Amino acid sequence: MAVSGLTRIVPGGLRWRLAGWIAVVMLVCTGITFVAVYRGTGTQLRRQIDQEIYGDAAELAHNLTSSRARSPAQAARAASHYIDDQPFRASSTFLFAIVPGAPTSTNRPEMFAHARPDSGETPAEQAQENRLSQQLLTAPEGYATLALPDVGNLRLLKRIVHVPGELVTIGVGEPLASVTHAQNGVARAFILAGVLALIGALLGGYLIGTRVTRPLRRMAAVAARVDAGDLHPRIHDPSGQGAEVRVLAEAFNHMLDRLTDAFASQRAFVADASHELRTPLTVIRGQLEVLAAQASPSGAEVSHVERLLQAEVARISRLVDDLLLLAKAEQTQFLRIEPIELASYVQELWDGMSLLAERRFELGPVPRGTLHADPDRLAQALRNLIGNAIDHTVPERGLVRMLVEVVPGGRVRFAVEDDGPGIPVAQRERVFNRFYRTDVARDRASGGTGLGLAIVRAIAEAHGGDVAAGRSPEGGARIEIELTRFTVGAPSVPAAGPTASAVS
């Protein structure tokens, strides 16, 4: 239930998270665009207002200079005449002219007079408005933005005009209400567009997330079935998805295939191990029952049972030791690598093994050089191969041969050949599996556990090498171990002579 609930929740959460991230990106992009358009609109409108008030100021200055006024009163009358023709409204131009010694000429007189409080205003509020109005007189020459009572923000341009005998200060301003109105319109439009874009992004992101996560939901469903113990489901038709999803699906299916094989191998291993242990235990129990059934068994009978029990106990001990060795082969501390002088190493190993049985032993030339390997594990693997060849050849006339060859790429190959019955082609891969025998009755009779070649493969693979089974020139078996990290030295040691290589 917990896995099923997780399968339902996680993909949905991923879809919503994907939709959320798309919405966030959309909002960020919309916000950046809004700021750019909002500021750009304000900047463009202010630039237009600056151009307009510059033209109005130039026209007012031209009117004053062309009036040919000879006194402040005449200059004031000329300015008033021009300004009175252009009354001030909320969307029009504010004009004023200050002539020394004459009243201020303006189309908004209340901005320069100390007005009385309006209805509902306190004297303090009116005094604050009067102080704000004084900014018109104290503002510096050039462009300025002022906050004035009853007008709001005003863009102002002040200039000094030279009238014969006088310096007249003129001012032209225009309210920025149009700018604020335009920017507010942009803001409303972007808010509406942003809400619609957010809804669209959430919906589109959810739909995209649904499509993108569909293979993941299928994998989650398959994983839930695998977790429940069913290793058969697979992700079918991954080719209809993107390349990444296809690779993931194929890797997932490959992982399930390997898990299926691993569990099958584990079950077979447990069954084989149980069977191998059951046989000697059955023999032990049977012999003990036979011995117990006799009231006074003879000494010969007891000795006979003792020999049988010791043989079966030794068989169990060998089986347990082999199983422990295979388990250790998967650990990183399994090997103790050191340099091995190959020629002397192989010769000493061969001399010891050739004393174990009466066979025709032949050792080919051994190349000189240094092999980096674990000498004890490598000797164990080679002894297993030689012992396997001895077990499958006839006494005295049977051939057991070992060849050592250099392979390009810093590798060396050990090959053990015999003239025995050989290994069928269909079984040459399986002979390295645990408890696999080509001849069950014969191997059990010889005391084998069926783990010898599995140990050989484990040791070879731990060294980074590999193993292979084939056919010898005499028609028997040929089993090879190929290892890496070999450095060629002096010329090869010649093969041993017939007398040294044969034991009779």
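The values are calculated or read from the model by the stated rules, or taken from the named source; none is laboratory data. As the structure is a computational prediction, the values presented were derived from the model and not from experiment. Reconstructed Cβ throughout: ideal geometry from the backbone, glycine too, with neighbour counts over all protein chains shown. Each accessible area value is taken on the protein alone, full model and side chains, heavy atoms only, with ligands, DNA and RNA left out. Shrake-Rupley method; radii C 1.70, N 1.55, O 1.52, S 1.80 Å.
Overview of values
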| read-out | value |
| --- | --- |
| Every residue from the range 141-183 that is acidic (Asp, Glu), open to solvent by 30 Å² or more (accessible area, probe 1.4 Å) and farther than 17 Å from THR104 by Cβ | ASP150 |
| Exclusive hit being of a type in the set (A, V, I, L, M) and modelled with pLDDT under 85, set ALA73, ALA78, ALA97, ALA61 | ALA73 |
| Sole residue being open to solvent by 30 Å² or more (accessible area, probe 1.4 Å) and more than 22 Å from GLY55 (Cα to Cα), chosen from VAL195, VAL186 | VAL195 |
| All positions within the range 418-427 that are open to solvent by 50 Å² or more (accessible area, probe 1.4 Å), within 42 Å of the chain's Cα centre (by Cα) and closer than 18 Å to ALA389 by Cα | none |
| Condition met for ALA415 (part of a strand (DSSP E or B) and open to solvent by less than 10 Å² (accessible area, probe 1.4 Å)) | yes |
| Which numbered condition VAL302 fails, given (1) under 27 Å from ARG434 (Cα atoms); (2) at pLDDT below 90 | (1) |
| Count - residues of the range 184-211 that are of a type in the set (S, T, N, Q) and at pLDDT 90 or above | 1 |
| Residues that are aliphatic (A, V, I, L, M), open to solvent by 50 Å² or more (accessible area, probe 1.4 Å) and part of a helix (DSSP H, G or I), drawn from the range 285-320 | LEU288, VAL290, ALA292, ALA293, ALA300, VAL302, LEU308, ALA311, VAL313, VAL320 |
| Residue count for the range 277-300, restricted to those that are farther than 30 Å from LEU323 by Cα and of a type outside the set (A, V, I, L, M) | 5 |
| Condition check for LEU323: out of contact with any helix residue (DSSP H, G or I) (no Cβ under 6 Å at 6 or more places or on another chain), of a type outside the set (Val, Ile, Thr), at pLDDT below 80 and surrounded by 15 or more Cβ atoms within 10 Å (Cβ to Cβ) | yes |
| Top-ranked residue of the range 334-347 - restricted to ones that are in contact with a helix residue (DSSP H, G or I) (Cβ under 9 Å, 6 or more places away or on another chain) and open to solvent by 70 Å² or more (accessible area, probe 1.4 Å), ranked as modelled with the lowest pLDDT | ARG336 |
| Pairs, first touching a residue at least 60 places away in the same chain (Cβ under 8 Å) and under 9 Å from GLY171 (Cα atoms) in the range 149-161, second open to solvent by 20 Å² or more (accessible area, probe 1.4 Å) and not in a strand (DSSP E or B), C-beta under 8 Å, six or more apart | LEU157/ASP50; LEU157/TYR54; ARG159/GLU141 |
| Sole exception among (1) at pLDDT 80 or above; (2) part of a helix (DSSP H, G or I) for SER274, by number | (1) |
| Residue in the range 384-398 that is at pLDDT 90 or above, touching a Leu at 6+ places or on another chain (Cβ under 9 Å) and not in a helix (DSSP H, G or I) present | yes |
| Breaking point among (1) farther than 30 Å from GLU405 by Cα; (2) open to solvent by less than 50 Å² (accessible area, probe 1.4 Å); (3) touching a residue at least 24 places away in the same chain (Cβ under 8 Å), for LEU277 | (2) |
| Pair list, Cβ under 8 Å, 6 or more apart: the range 397-410 residue closer than 24 Å to PHE486 by Cβ and open to solvent by 60 Å² or more (accessible area, probe 1.4 Å), other residue of a type in the set (Ser, Thr, Tyr) and not in a strand (DSSP E or B) | GLY409/THR484 |
